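Working notes for the structure below.
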Amino acid sequence: MELNVNGVRFRYGSREILHDVELEANSGEVLAVIGANGAGKSTLIRCINRILKPQQGAVFLDGKELSGFNARERACMMGYVPQTAKDVFSFNVMETVLMGRKPHISWGVGKKDLKIVNSILLRMGLKQFVERYLYELSGGERQKVLIARALAQEPEVLLLDEPTSNLDVRHQLEVMELIRSIAQEQRKCVLIVVHDLNLAARFADQILMLKGGGVFAAGTVQQVLTPENIKAVYGVESMIINTKLGPYVITIKPSDPQKESAVNELQAAAAAGP
């Protein structure tokens with residue numbers, strides 16, 4: 001499965017949010033979408049799955065334009081996990097994940113639907129929570145349930161909008177490791193909006209960096225996460241230290257009075273190696 005976004009533009013009234021956005025994502029890979037607040041990251045995700053309709057440009061799945069499919073067909077091809085999902089908090093875990101089967105159900109839940117959902121619940125370590133309501137779960141557990149709901153759609157493309165927001169460090173790592181393994185094992189094409197540059201560096205195969213609604217940089221982690229790009233997009237100085245787990249980004253405010261000594265220390269650490 002190949003996802004292509006060609007020349008997408010979107011505006012609210014006279015305010016342009018996205019302009020001429022291009023991207024390519026492939027099965028088995030995680031593409032992280034990064035950028036400062038207001039860069040258009042969440043809007044891009046919503047334009048890809050047509051929650052929002054772009055004023056210009058097109059989205060293609062394996063060369064077929066997404067606008068040519070109806071809502072049910074798109075739901076079978078794309079799973080979406082929003083930043084928040086207050087509408088499902090009054091349902092238990094089983095009911096919430098079963099919602100993902102809706103695009104495939106004609107009359108009612110069948111044996112196949114239950115088999116798929118049970119398999120996903122088991123894979124994600126959620127079987128013990130099936131009768132619990134979402135408001136009874138921790139933030140990390142809720143996030144896993146919402147990802148499970150999206151996976152129940154059996155989509156080719158998985159779109160996640162800041163799935164690690166408001167999670168502690170442990171649950172951030174668990175969710176990102178889960179997303180990465182899903183992409184690789186199930187050959188999903190995964191797009192994820194993420195703020196933490198080090199999560200992007202560690203778990204993404206490709207990175208799309210947005211600035212002011214346009215693509216500022218795109219490519220591998222090493223190509224995109226450079227001190228020059230980070231300064232241009234975020235307005236901070238940075239050092240990239242290569243570790244066994246991958247590149248690690250350390251940022252410093254330009255106005256910090258200790259900047260010079262901090263940069264010297266970081267340079268010495270980088271020279272010393274991992």
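The values are calculated or read from the model by the stated rules, or taken from the named source; none is laboratory data. Remember, predicted model here, so these are calculated numbers, not experimental data. Heads up, the Cβs are rebuilt from the backbone with ideal geometry, glycines too, and the neighbour counts pull from every protein chain shown. Ligands, DNA and RNA are excluded from the accessible area calculation, which covers all protein heavy atoms including side chains. Shrake-Rupley method; radii C 1.70, N 1.55, O 1.52, S 1.80 Å.
Here is how the numbers come out for the structure above:
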{"item": "Helices (runs of 4 or more DSSP H) wholly inside region 187-256 that include at least 3 residues being more than 28 Å from PRO82 (Cα to Cα)", "result": "227-234"}
{"item": "Set GLY38, GLY7, GLY57: member being closer than 20 Å to LYS211 by Cα, surrounded by fewer than 20 Cβ atoms within 10 Å (Cβ to Cβ) and touching a helix residue (DSSP H, G or I) at 6+ places or on another chain (Cβ under 9 Å)", "result": "GLY57"}
{"item": "Residue, most open to solvent (accessible area, probe 1.4 Å), within region 41-54, restricted to residues that are closer than 19 Å to ARG74 by Cβ and assigned to a helix (DSSP H, G or I)", "result": "ARG46"}
{"item": "Identity of the residue in region 137-167, over 13 Å from CYS76 (Cα atoms) and part of a loop (DSSP other than H, G, I, E, B), that ends up most open to solvent (accessible area, probe 1.4 Å)", "result": "ASN166"}
{"item": "Matching entry among ARG187, ARG202, ARG180 (being open to solvent by 20 Å² or more (accessible area, probe 1.4 Å) and touching a helix residue (DSSP H, G or I) at 6+ places or on another chain (Cβ under 6 Å))", "result": "ARG180"}
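Per-residue answers, yes or no, for (1) among the small types (Gly, Ala, Ser); (2) on the phi > 0 side of the Ramachandran plot; (3) part of a strand (DSSP E or B):
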| residue | (1), (2), (3) |
| --- | --- |
| VAL21 | no, no, yes |
| GLY28 | yes, yes, no |
| GLY38 | yes, yes, no |
| SER90 | yes, no, no |
| MET94 | no, no, no |
| VAL97 | no, no, no |
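Rundown of residues vs (1) within 20 Å of the chain's Cα centre (by Cα); (2) closer than 24 Å to ASN166 by Cβ, yes/no style:
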| position | (1), (2) |
| --- | --- |
| SER42 | yes, yes |
| ARG46 | yes, yes |
| ARG50 | yes, no |
| LEU66 | yes, no |
| ALA71 | no, no |
| CYS76 | yes, no |
| THR84 | yes, yes |
| ASN92 | no, yes |
| HIS104 | no, no |
